[in-house]
Amino acid sequence: MTKLLFVSLALCAPAVLAQSADPTTEVELAAETTKLLKPLRADARVTVDADILLAYVSLGLAGDFGLVKLGPGTLAAGAGLDFGFCGSVCLVIGGLLGGSYGIRNFFPHARLSYHLELPAKGANNTLQKVNVYGVVFGGVVVSSMGFVGRFQGVEVSATSTGVGPGVGLGAGASYFFTERVFVGAEASARFAVARFADVVTVVPPMSNVDFRWSDQYTQSDLSGVSLRFYVGFRI
């Protein structure tokens, strides 16, 4: 009886080995448990920030590149570029001045962020689709201001440019509705002031018009708290 059992096992063993070695056998790979930004991966974003009255509109590009696993999360470095312009408020000011008035700001900056691992190990956990992070950033604000119109019956064009520092900190969260595409929001507090040190005033020749900016136009202040929304792609 024992001999018969041994022979049966010996005959079945090749079939079992052949089945396990079958290259067509599907192997289920472990999926990511969370959307934590991992080292050597990157998140790229297109951002927008505007109030309901469109007094000021800011558009931007930003990216974070995972550097190293650090504690319960990942340390990342990146860069961003914001372009902002005065909207409805400048239209009103231009109308009051009898011409066209505008302000434009460029803010290139470096970013250092920390992406935190969430407790999202369970099945069907919404947190598995979320990446949260804190960020500090700093750069240079380049601002320009201009007015074109009629002043005392004479065509006048005045421009001014300024440069200043910009630093801040914030936090954000991304929700992945596909494997790589996500939407999210980032709240930040920022100090950024560009002082207009070189005002240029153009006065038409053969006129007695002397157009000058008033004291309230000596700097562009972008400091404050903001909430920007974004859509992004994980690389």
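Some observations on this one:
- Counting only Cα atoms, the size of the range 61-137 along its three principal axes is 62, 28, 14 Å, in decreasing order.
- Each Lys or Arg adds one and each Asp or Glu subtracts one; over the other residues with Cβ under 12 Å from the Cβ of Gly170, this totals +1.
- The Rg/Rh ratio of the range 39-186, with Rg taken over Cα atoms and Rh as the Kirkwood radius over Cα pairs, comes to 1.14.
- For the range 101-170, the pair-distance distribution built from all alpha carbon pairs, in bins 10 Å wide starting at 0, is 16, 24, 20, 17, 13, 7, 3, 0 percent.
- Sorted on the mean count of surrounding Cβ atoms within 10 Å across their residues, most packed first, peptides 83-93, 55-65 read 55-65, 83-93.
Taken together, the values in this text are just the output of simple stated rules run on the coordinates, not laboratory data. Bear in mind the structure is a predicted one, so any value in this text is a computation, not a measurement. Neighbour counts are summed over all protein chains in view; Cβ atoms, including those assigned to glycine, are modelled from backbone coordinates with ideal geometry.
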